Amino acid sequence: MNYTKWWKQAVIYEIYLRSFYDSNGDGVGDLQGIIQKLDYIKDLGVDAIWVTPFYQSPLDDMGYDISDYCSILLEFGTMEDFERLVHESHRRGIKVVIDMVLNHTSDEHPWFVESRSSKTNPRRDWYVWHPGIKGDLPNNWQSAFQGSAWEYDELTGEYYLHQFSKKQPDLNWRNPQVREAMFDMIRFWLDKGVDGLRLDIINSLIEDGDFRDNIFIDNGLKIDYSKIYNNLDVAPEKIIDYTRNQPETYSIVRELRNKVIERYKDIFTVGEAYPCSPEVAGELAGEGKLDVCFHFDFLFLNKRDVRSFKEIISRWEGSIKDRGPGAWNCYYLSNHDMPRQVSVFGSEKYYKESAAMLAAFLLTLPGTIFMYQGEEIGMTDVKFNAIEHYRDIMCVNYYKRLVEEGVDLDTALSEAQKMSRDNARTPMQWSNEKHGGFTMGTPWLGVNENYRDINVRAQQGDTKSILSFYKTLIKLRKDYKTLVYGSYKPLLEEHQQVMAYIREDEHAKLLVILNMSEQMVNLQEPLDGTIDIRNTVLLIANTDQGNPFQLKPFEVRIYLV
Ligand code: NOJ
């Protein structure tokens with residue numbers, strides 16, 4: 001077993017910079033804010049942080065629209081702050097992973113300003129332009145943020161492609177000059193000593209050269225593609241998508257590895273790929289490619305569904321052997337683009353128990369683990385009472401579209417509340433002080449009212465808190481590398497409420513039992529025909545132990561067999 005790569009056994013903590021900690025009272029989280037909280041992060045026991053974009057940006061998509069890749073947006077800090085963050089993190093043994101947005105820039109990036117200025121500008125071909133067809137859109141491609149992915153530009157009378165907002169024009173990655181410029185930019189950050197890159201929507205770099213229409217097929221029928229809001233609303237297997245997972249994208253990833261990543265030592269790369277099947281992961285990640293890929297299978301479920309959880313893990317674990325050398329998995333249950341995990345996969349009634357259950361689930365899975373800020377204290381979704389309080393462009397556009405289509409305002413708001421990415425982006429709840437201790441000023445996005453009960457300070461001294469449970473689990477993962485590298489054997493595969501599995505290698509055999517339901521569950525003995533739980537050692541549980549064959553709602557037990 002190759003134990004040498006640091007990232008294989010890492011727990012990586014995602015920091016949504018704007019909402020983590022505001023050190024200067026302007027209402028926005030900043031790099032100094034992270035530095036001030038590094039001891040907290042260290043104490044949690046994680047190995048690395050992933051910091052969301054901090055580059056120059058007009059913030060149309062909260063920083064994923066970059067207008068200068070090599071300088072830092074003043075409200076987040078300065079280059080000196082960034083260098084200090086890297087230094088201070090390393091001093092504490094914490095690695096730093098940064099976000100790289102390669103598919104698109106901001107429309108305010110000087111490259112795009114030049115590109116749109118005339119059809120003969122040398123940078124025209126740096127973006128994807130199209131004259132349109134008979135005075136209409138080039139094709140039916142849609143933006144992830146509603147509406148056509150093409151924007152007509154009056155100045156030169158052509159359309160440019162934007163798979164996200166119209167302020168995020170897609171770069172033309174077929175152009176070697178674009179590739180070289182972006183590779184240089186990545187070198188700039190690697191030279192600053194960062195340890196890894198999270199590559200935003202990496203499978204979208206190249207689109208079909210013939211600009212073919214995307215096709216939406218349901219029950220064998222070809223359906224009008226414009227009837228869907230955006231690709232996120234439809235199961236990926238129902239779309240023949242000419243904007244993602246193109247073979248040329250896979251070769252660019254290999255080029256990136258050869259020309260850039262390989263020249264540095266131990267750099268970790270994780271690609272965000274939507275949609276991502278194990279086959280796509282095999283193309284994007286492995287030897288000579290990226291290290292791992294995020295898939296969206298849990299997000300797509302959008303609810304607690306025990307049988308599907310089992311299928312997802314079995315599918316991904318089972319696929320490793322077919323994905324070629326270097327294949328490795330990673331798992332997460334939350335990030336800055338999806339509602340909070342306790343609200344989606346847990347239960348409000350059994351809030352604390354279900355938060356702990358989800359922690360135990362995540363942290364006993366094989367591979368590299370990502371967790372998201374606030375998850376460790378069980379932060380939940382928010383319900384702002386008016387659309388004006390939302391900042392997420394995706395949710396605001398969705399609301400507008402519903403209203404345009406005649407949906408009543410209350411329904412439109414409640415639909416927007418459910419899907420809003422702001423659910424995950426409300427400021428981190430540090431204490432029960434004003435604004436949850438996040439800022440001395442006015443926060444850029446409202447704080448969840450429940451900060452008085454759910455906050456770091458309240459949980460820090462409490463050995464039974466969610467926070468303490470996370471720390472215990474992260475430590476267990478360090479003590480038993482079996483949880484990282486060991487085999488995964490599912491038990492009780494047909495069970496609708498309980499998830500159980502064995503993690504085993506030459507050093508240990510661990511049994512994980514998770515009651516993922518609000519009901520008491522009686523366990524049948526023996527679990528897999530061999531294990532008698534009376535002959536095991538209980539390592540961790542989230543409730544006081546009673547009858548070993550009866551699980552309380554959301555009860556978690558991890559045994560050494
Ligand atoms: C994925 C990022 O996680 C998301 O926040 C962003 O809006 C899109 N990519 C576009 O960059």
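The values are calculated or read from the model by the stated rules, or taken from the named source; none is laboratory data. The shown structure was predicted, so the numbers you read here are calculated from the model rather than taken from an experiment. With ideal geometry, Cβ positions are generated from the backbone for all residues, glycine too; neighbour counts draw on all protein chains shown. Note: accessible area is taken over every heavy atom of the protein model, side chains too, but ligands, DNA and RNA are not part of it. Shrake-Rupley method; radii C 1.70, N 1.55, O 1.52, S 1.80 Å.
Data for the structure
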item	result
Cross-link table LYS349/LYS464; LYS5/LYS265; LYS475/LYS509; LYS310/LYS383, entries beyond 20 Å C-alpha to C-alpha	LYS310/LYS383
Two-site label geometry, THR442 and LYS303: point separation in nm, points 7 Å out along Cα→Cβ	4.0
Estimated dipole of region 389-468 in Debye, rounded to 20 [Cβ of Lys and Arg +1, of Asp and Glu -1, Cα centre]	360
Reciprocal of mean inverse Cα separation for region 169-222 (Kirkwood radius, Å)	14.3
Region 485-561: chymotrypsin sites (Phe, Trp or Tyr not before Pro) in DSSP loop, at most 12 other beta carbons within 10 Å	PHE549
Sequence-distant residues sharing a close amide H with PHE296 (under 5 Å, placed H)	CYS276
Difference of contour (0.36 nm per residue) and Cα-Cα distance, ASP43 to SER314	94.3 nm
R0 of 22 Å, Cβ-Cβ distance LYS5-ARG91: FRET efficiency to nearest 0.05	0.50
FRET efficiency, 1/(1 + (r/R0)^6) with R0 35 Å, evaluated for LEU409 and ILE217 via beta carbons	0.55
When the convex hull of its Cα atoms is projected in every direction, mean area for region 244-332 (nm²)	5.9
Segment GLN36-THR463, length gained on full extension (0.36 nm per residue, minus Cα span)	151.3 nm
Over the chain: Kirkwood hydrodynamic radius from C-alpha pairwise inverse distances, Å	24.6
Cleavage-rule hits (trypsin sites (Lys or Arg not before Pro)) in region 243-277: DSSP loop, at most 12 neighbouring Cβ within 10 angstrom	LYS265
Test item: Cα-centred dipole of the chain, Lys/Arg +1 and Asp/Glu -1 on Cβ, debye	1460
³J(HN,Hα), Karplus 6.51/-1.76/1.60, whole Hz, each residue of region 356-372, x for Gly, Pro	5, 4, 5, 4, 5, 4, 4, 7, 10, 7, x, x, 7, 10, 10, 10, 10
Residues of region 462-491 with amide N under 16 Å of the 7 Å Cα→Cβ point at ALA508	470-489
Sequence of ARG92, ARG307, ARG534 when ordered by accessible area, the most exposed leading, probe 1.4 angstrom	ARG534, ARG307, ARG92
Label-to-label distance, nm, for residues given as ASP266 and LYS383 (7 Å Cα→Cβ offset)	4.8
Per residue, the convex hull volume that the Cα atoms of region 95-232 enclose (Å³)	132
Gain upon complete extension [LYS134, ASP153; 0.36 nm per residue less C-alpha separation]	5.3 nm
For region 396-468, fraction of C-alpha pairs farther apart than 20 Å, in %	48
For THR269, residues with placed amide H under 5 Å, excluding near neighbours	LEU197, ASP291, VAL292
Loop-resident sites, region 486-554, for GluC sites (Glu not before Pro), counting at most 11 other Cβ within 10 Å (DSSP)	GLU494, GLU506
Dipole of region 92-160, positive end: most advanced residue of GLN146, ASN121, ILE94 [Cβ charges, Cα centre]	ILE94
Local electrostatic count, TYR242, Cβ distance below 10 Å [Lys/Arg +1, Asp/Glu -1]	-3
The chain: calculated mean residue ellipticity at 222 nm from DSSP helix runs of at least 4, using -39500 (n - 2.57)	-8000 deg cm²/dmol
19 Å Cα-Cα reach of LYS321 towards aspartates and glutamates, excluding residues that sit fewer than 8 places from it in its own chain	GLU279, GLU283, GLU287, ASP291, GLU311, GLU504, ASP505
Accessible-area order (highest first, 1.4 angstrom probe) of the listed residues LEU73, LEU539, LEU510	LEU539, LEU73, LEU510
Two-decimal Rg/Rh across region 1-139, once Rg and the Kirkwood Rh are taken from alpha-carbon atoms	1.11
Kirkwood hydrodynamic radius of region 188-312, from inverse mean 1/r over distinct Cα pairs, in Å	16.3
ASP26-LYS434 FRET efficiency (beta carbon distance; Förster radius 22 Å; 0.05 resolution)	0.90
Residue-count net charge about LYS489 - beta-carbon cut-off 11 Å; Lys, Arg +1, Asp, Glu -1	-2
Surrounding net charge for THR368, when Lys and Arg each add one and Asp and Glu each subtract one, Cβ distance under 9 Å	0
Relative intensity, log₁₀ I(q)/I(0), of region 486-560 from a Debye sum that treats every alpha carbon as a point, q = 0.12, 0.14, 0.22, 0.24 Å⁻¹	-0.29, -0.40, -1.03, -1.23
Whichever lysines have a C-alpha closer than 27 Å to that of LYS119, once near sequence neighbours (fewer than 8 apart) are set aside	LYS134, LYS166, LYS167
Magnitude of the charge dipole, region 486-560, Cβ model with Lys/Arg +1 and Asp/Glu -1, debye to 20	140
Backbone HN-Hα couplings from phi across region 510-519 [Karplus 6.51/-1.76/1.60, Hz, Gly and Pro as x]	10, 10, 10, 10, 10, 7, 9, 10, 7, 9
The chain: angle of helix 247-259 to the longest principal axis, Cα-based, in degrees nearest 10	80
